[in-house]
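Asker: This structure is in structure tokens; I'll ask about it shortly.
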Amino acid sequence: MKKILKWVGLAVLVIGALWAASFFISSNSKSPIEYETHNPFISNIEKKTVATGKVIPQEEVEIKPQISGIIDKIYNEEGDEVKTGDLIALIRVVPNEQALFQARGRVNNAKVALKNSEIEYNRNKTLFDRGVVSNQDFLNLQLQYEQAKLELENAQNDYQIILRGSAGGSASANTNIRATVDGTILEIPVEEGDQVIQSNNFNDGTTIATIADLGKMIFEGKVDEGEVGKLEVGMPLKISLGAIEDKEFDATLKFIAPKGVEEAGAVQFKIEGDVNVDDDFMVRAGYSANASLTLEKKDSILVIPEALLQFDKETDEPYVEVATGEQEFERRDVEIGISDGINVEILSGLTEEDNVKQWNKTEPIKKGLEEEEEGEESDE
């Protein structure tokens, strides 16, 4: 009896050991990772790029003086709206002593010449009335007398201009600095008491004020050389300003630079776009801005999430893994098109019915554990 019980117990232990071994083998034969799958789907893709830059006025006009002197009075402040002809500043002339002396001497010479011409004219007029002097000679003397008057008047005007900056103190005098266009004063880089230099052929002159129309703004930015070839004049832009949240302004690309500039090892091309300014928002000159440009757009195309895509290490060709059974997958090469950074176009290799494997972030760790266990088993 005892012998029978001994053999029964031994059989139970063997059966239990076999069952445990079978369970262990079957459980280890299953992959420790269960992969999710996704089906390709129909969607739209827009490939965009973003150009960084700023918003500036379309035209900025610098107001410069036509005479050198000292700023005597400034009538406006930065930010003021002005109309053409509005007085901005007044200049007090500091005459050059040498030029002033020469002008005074010219006036004195003109007075002497006029006095002599007048005496000669009056004497010959008496003789002309008596018929002694011919009509032609008298007309010549009369012409000289009138020219002497004009010479004195011109000399006196020149003297007044050098002395005061104006011949008669009219509203259009050179000492009055006036706005030449309608707009907003962006900058007044001078103060009362500052010395300014006139604008001439040899000197740009001192800028007294800068005026621009803030209703006509442009976006100025740069794009990379890899994307500039896809741009065309007339393309729509979406402008977002750092100073104005949750608002986009429409714009139209109007200029693409024909020459690039190298910056930090990359070639950048300047672009400009006309911005449609909304009257409800105050857009100031110099706001930093980003311009979104649609480089390419396709509607109703087959796409997959770009995270499902893999690339061959040797050929760099794209491929995915497609389910052939429960947690069983096979490699399938695909041809891809445009991408927006989230989804990528599938030109060939997949259909909407395919289940594409999604790679888990923990897979490399799991793979490492499996390889270690296999190595330990081989050592045993």
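Asker: Could you run the Debye sum over the Cα atoms of region 53-98, one equal point scatterer each and no solvent, and tell me log10 of I(q)/I(0) at q = 0.14, 0.22 Å⁻¹, two decimals?
Answerer: -0.51, -0.94
Asker: While we're looking at this one, here's another question. In debye, nearest 20: dipole of region 76-153 around its Cα centre with unit charges on the Cβ of K, R (+) and D, E (-)? Walk me through the intermediate numbers first.
Answerer: Details: 10 positive and 13 negative charges, 158 e Å.
With only Lys, Arg, Asp and Glu charged at Cβ, the dipole is about 760 debye.
Asker: Separation of region 200-256 and region 52-96 by C-alpha centroid, Å?
Answerer: Centre-to-centre distance over Cα atoms comes out at 23 Å.
Asker: May I pose another question? If the chain between LYS313 and ASN276 were fully stretched, how many nm would it gain, using 0.36 nm times the residue separation less the Cα-Cα distance? If you can, show how the numbers build up before the last one.
Answerer: Values: separation 37, 0.36 × 37 = 13.32 nm, distance 4.84 nm.
Taking 0.36 nm per residue and subtracting the Cα distance, the gain is 8.5 nm.
Asker: Using θ = phi - 60° and the Karplus curve 6.51 cos²θ - 1.76 cosθ + 1.60, what whole-Hz ³J(HN,Hα) does each residue of region 131-138 get, with Gly and Pro shown as x?
Answerer: Values per residue, Gly and Pro as x: x, 7, 9, 6, 4, 5, 5, 5 Hz.
Asker: Here's another thing I want to ask about it. Which one of ASN276, ALA323, SER300 is farthest out on the positive end of the charge dipole of region 257-329, using unit charges on Cβ (Lys, Arg +1; Asp, Glu -1) and the Cα centre as origin?
Answerer: Of the candidates, ASN276 comes out farthest on the positive side.
Asker: Moving to a separate point now. If you roll a 1.4 Å probe over region 56-154 with all protein chains in place, what percent of the accessible area is carbon or sulfur? Present the calculation step by step, with values, prior to reporting the outcome.
Answerer: Working: 3130 of 6630 Å².
About 47 percent, which is the carbon plus sulfur part of the accessible surface.
Asker: Please list ILE42, ILE304 in order of solvent-accessible area, largest first, computed with a 1.4 Å probe with all protein chains present.
Answerer: Numbers: ILE42 90, ILE304 0 Å².
Solvent-accessible surface, decreasing: ILE42, ILE304.
Asker: How would you rank 79-89, 218-228, highest first, on the average number of other Cβ atoms within 10 Å across their residues? Intermediate values should be presented prior to the final figure.
Answerer: Values: 79-89: 15.4, 218-228: 18.1.
Answer by packing, highest mean first, reads 218-228, 79-89.
Asker: Please report, in debye to the nearest 20, how large the charge dipole of region 303-350 is about its Cα centre when each Lys and Arg carries +1 at its beta carbon and each Asp and Glu carries -1 there. Don't skip to the answer; put the middle values down first.
Answerer: On the way: 3 positive and 13 negative charges, 15 e Å.
Charge dipole, region 303-350, about its Cα centre: 80 debye, nearest 20.
Asker: For a quick check: with amide H placed at 1.01 Å from N, whose amide H comes under 5 Å from SER68's, ignoring anything fewer than 5 positions away on the same chain?
Answerer: Under 5 Å from the amide H of SER68 lie the amide H atoms of GLN198, each far enough along the sequence or on another chain.
Asker: Using amide H atoms built 1.01 Å from N in the peptide plane, name the residues 5+ places from ALA209, or on other chains, whose amide H lies under 5 Å from its own.
Answerer: Here ILE63 satisfy the definition.
Asker: Still on this structure, please answer the following. Suppose R0 equals 35 Å. What FRET efficiency, 1/(1 + (r/R0)^6) with r the Cβ-Cβ distance, do ILE119 and GLN98 give to the nearest 0.05?
Answerer: Details: r = 33 Å, r/R0 = 0.93.
That pair, ILE119 with GLN98, gives E of 0.60.
Asker: If you don't mind, there's one more thing I want to ask. Can you give me the long-range amide H partners of GLU296? Hydrogens built in the peptide plane at 1.01 Å from N, cutoff under 5 Å, separation of 5 or more residues or another chain.
Answerer: LYS47
The values are calculated or read from the model by the stated rules, or taken from the named source; none is laboratory data. Just so it is clear, the structure is predicted and the values come from calculations on it, not from any experiment. Backbone-built Cβ (ideal geometry, glycine too); neighbour counts: all protein chains shown. Surface accessibility is based on the protein's heavy atoms, side chains included, excluding ligands, DNA and RNA. Shrake-Rupley method; radii C 1.70, N 1.55, O 1.52, S 1.80 Å.
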